[in-house]
1. Subtract the Cα-Cα distance of B:D429 and B:T111 from 0.36 nm times their separation in residues, and report this length gain in nm to one decimal.
2. First select every other residue whose beta carbon is under 12 angstrom from the beta carbon of B:P486; then total the charges, Lys and Arg +1, Asp and Glu -1.
3. Going by how many other beta carbons lie within 10 Å of each one, how would you line up C:M165, B:M312, fewest first?
4. For the Cα atoms of chain C, what angle does the longest principal axis make with the long axis of helix C:12-24, in degrees from 0 to 90, nearest 10?
5. Considering only DSSP beta bridges whose two residues both sit in chain C, what percent are antiparallel, to the nearest 5?
6. Just to verify a number: FRET efficiency for C:E238 and B:K440, C-beta to C-beta distance, R0 = 30 Å, to 0.05?
7. Hey, can you list the DSSP H helices of chain B whose Cα span along the axis is 24 Å or longer and whose average Kyte-Doolittle score is at least 0.5?
8. When a/c reaches 1.5 or more, the comparison of a/b and b/c decides; with that in mind, is segment C:179-316 rounded, prolate or oblate per its Cα gyration tensor?
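Nothing in this text is a laboratory measurement; each read-out follows from the coordinates by a stated rule. Nothing here was measured: the structure is a model prediction, and the numbers come from that model. Because the Cβ atoms are built from the backbone with ideal geometry, glycine has one as well, and the counts that use them run over all protein chains shown.
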Amino acid sequence: MKNSIIRVLVAKPGLDGHDRGAKVVARALRDAGMEVIYTGLRQTPEQIVETAIQEDVNVIGLSILSGAHMHLFPKLMKLLKEREAIDIIVMAGGIIPGEDIVELKKIGIKEIFTPGTDTNRIIEFIKENVKVVR
Amino acid sequence: MAEQDRRRRMEETKKQWEEGSLKKVLNRFPERNKVFVTGSNTEVNRLYDPFDLIDFDYIDELNFPGEYPYTRGVQPTMYRGRLWTMRQYAGFGDAEESNKRYQYLLKNGQTGLSIAFDLPTQIGYDSDHSMSHGEVGKVGVAIDSLEDMETLFNNIPLDKVSTSMTINAPAAVLLAMYIAIAEKQGISSSELNGTIQNDILKEYIARGTYIFPPVPSMRLITDIFDYCSKELPKWNTISISGYHIREAGATAIQEIAFTLANGIAYVDAAAKKGLDIDTFAPRLSFFFNAHNDLFEEVAKFRAARRIWAKIMKERFDAKDPKSMMLRFHTQTAGCTLTAQQPDNNVVRVAIQALAAVLGGTQSLHTNSRDEALSLPSQKSVRIALRTQQIIAYESGVAETIDPMAGSYYLESMTKKIEQGAMDYINKIDQLGGSPKAIEKGFIQREIQNSAYQYQKDIEEKKRIVVGVNQFQSEEEPMKDLLKVNPEIEKRQTEKLNKMKKKRNEAKVQKELKLLRKTALSKQNIMPSILNCVKCYATLGEICDELRSVFGEYRESLKI
Amino acid sequence: MKLSDRIRQGDTRAAAKLITMVENDFQQAQKYLKELQEYCGQATVIGITGPPGSGKSTITDRLAKHIRKIGKKIAIIAIDPSSPFTGGAILGDRIRMQDLSTDKDVFIRSIGTRGQLGGLSRSTQAVVKIMDAMGKEIIFIETVGVGQSEIEVIKVSDIILLLLMPGMGDDIQIIKAGIMEIGDIFVVNKSDREGTDRLIVEIEMMLSLNDVRKRNPAIIKTIGTENIGIEELWQEVERLNVYLQDKGEMQLRRKNRIRKEIHDLFLENWQELFFQFIGEDNIENEVQKILKQDIDPYSAVQKLTEVFKKQIIKGG
């Protein structure tokens, strides 16, 4: 009996406490039948990568509004590479200016969702990009 | 008799209208929706008329401005006497840059400063802490020690300005630094004027910049109340904030219900400590959000004033009218700003600001159009300020007091919000007060449900957001977004290291030890913190000492 | 390197992948579990259960931190409910264990119940084995609540801590009815609250009804959020562990677990075989007949079973 379920880590790196978006997305993903690991505020890149590996998630979703993304995201991608875990898809959301989006995609962040994104788009993105054996 | 005749005539006419012309039109042209709701999903009737206000008692429910229950405003003349304070929240980079900005603002006639601190400062980390990387100077100014505060207020006479500081968990430390600078400027603390946000409960609920668990946090707050009632009589010791609760997704009713419930918790805590209500209650102030639904928002502000007045009088038996007056600052709703077609945000902000003014706010911050994309640029900040000025000087709404009063819709909505909020407050009382309700996750869950509902409504197009789920258009990405200089972190760390070499280390360690002792005792903690900051103990060192005594708060998941 | 070898060397990534396989495709995972079996049996498995709000995650976090000071390697299995409608879940127990997430000798895995009762206890047991083979010395299993299904899952443990808190009102009555018996140690958490003494008296009263030949479970007071009582709690766990070993009780428990495991695995294999053989069409056929009152469900199943039996005998 095969019973594959997509697993997503929803994480808040940085020090800002605005978790409305992260929680709305977490709930929407759950309602779309995924397992969402939610780790709360103030997560360091080390914590996020280690959690993603232990939980063997298919996707990491990062939410940040503090403006520290250009510092924290590259660090996180570097750690993922070191741990040979770049098969985990990384997506992000929050207040991220257009020019930063270009840079972040270059370092391997697969998609960036700005404020106002429909949660269905995020769900579709995950389903399209995660290859789960059924 | 005449009254009854008039009423009968009204009833008859209404019936005729309903069965006649209204029915005819409805049959041919059905309305756009089956049910109409406000921005907060409260049902709105087709029409409001005198029947909605049949038991309305002017004196009980509104009364004249400056009179209990203050529904129409806390002063007898309101904006005819003095306009609201246009207080734009600002601060970025290091203390030097911010100081330049403040001096510029003051030269241009601004009398109130509103200081934004960066996140490490708000969470009690120095700029060289590992958690601070990438955050230093980002969303506000970085303060590590008294030295930074000295720079921040260089050439600013503290007896001439009123300073609002958005600081919560380490509020006592920043306030102590402010007092220490005043002392250096030769100004008595009794002359200091300003506000600290100092509202920890909403940090657990919505904003997330907490440090310590609830019990020691409440002690820090009541220590500040106590200290200020003696030493800083003109200081607003707390700004009980609904703003962030609303941003987290609460409805209008939830915003004021949870904020006032927090207010009750602070008053309870202070009373338990033995403080006389009329010594500290007049220094409590509030901070609300102004959202898009114009009438609902105006009603919300009026309802909040009425509820608080009744709570203070009836529940806490306050005697001083000032204890019963709800004074508040307003900020327009950041969560309504769209990244799509950002210029549209100027219009949203204008409507929201109008609501705040029609609701009788004491001060106002208007958001900038580009804040869904980045920190606001200088140009956007100027448009935001001009928006307030146009409302003040061109719209005419400031020329008479509470101009929307008496509107059938507004008064009905005010009543509805009051009832809705009171239902919540009663529920929270049953749960044992707001700290308990937060611990149980009740308040967080209620807010998250509203936030989720709001998102679903947008996705199902039950709610239209212009430019987001309808009326989209291709657009050029916005240019001239503000960038914070990444060198600041390095500069700030260097300054910190240099300062540490200069200070009297033995004295610092001694004062920190004494602070620890006070923290473990029941004594007021303010004097010890003041001694620490004076010998240049850093914010991080002071907070670490307190962390080791009080522990750290950990959120729990309530989805 | 083989997956099982990597796991034995403590490779987190490999272990995490195999756990996913256990959850998603147990038949395939068995291949690897077989290879790990001989390296299992070293860890002490501690179940932590109790009603919602009793502070299970906090106590787990505090105990884990305490044990880390002694230097032992730890794993935590945190179970949260899946939605019966969508199969999705929000797994949020790690939120209380943030400081542990970068300790390389701590492995935390969140698991959704995925709506399959027997399946959950079976996969939990498999996850325990993987962690055991990795070299984790203490393995915690933290359950959702205190229902019957949780009891089945928690029975995978060597020692069970039952968390209670004062101020539950009549809840204790409900708890008594089913799960009080499974607690090896009673933990009264949040014991700075009103009603602590009363709760302890109630527990003692209830325990006095127990079989007199059995050792009465200890009652330990804790305040998880303030790290109070944690050391005492761990001492009691160790004491009990020695006691159970000495009395041969631990051996008995392990034996029972193996028996149950065989039972579960067997049942699942046969179940799958049975439904494969009978096929959805045949079942639908019987449903129609029952609807038309042509047959009763008892006879229908009897009939299908007979067909199955004959086929098995023929095939064998």
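1. Working: separation 318, 0.36 × 318 = 114.48 nm, distance 3.99 nm.
Stretched out fully, the B:D429 to B:T111 stretch lengthens by 110.5 nm.
2. Working: positive: B:K138, B:K483, B:K490, B:R491; negative: B:E135, B:E487, B:E489.
Neighbour charge sum, excluding B:P486 itself: +1.
3. Details: C:M165 22, B:M312 28.
Exposure proxy ranking, most exposed first: C:M165, B:M312.
4. Taking Cα atoms only, the helix is inclined about 40 degrees.
5. Details: 1 of 30 bridges.
Antiparallel: roughly 5 percent of the beta bridges in chain C.
6. Details: r = 34 Å, r/R0 = 1.13.
In this case the efficiency is close to 0.30.
7. Numbers: long enough: B:214-231 (25 Å, -0.08); B:252-272 (30 Å, 0.79); B:294-310 (25 Å, -0.23); B:408-430 (33 Å, -0.83); B:442-459 (26 Å, -1.21).
Both cut-offs are met by B:252-272.
8. prolate
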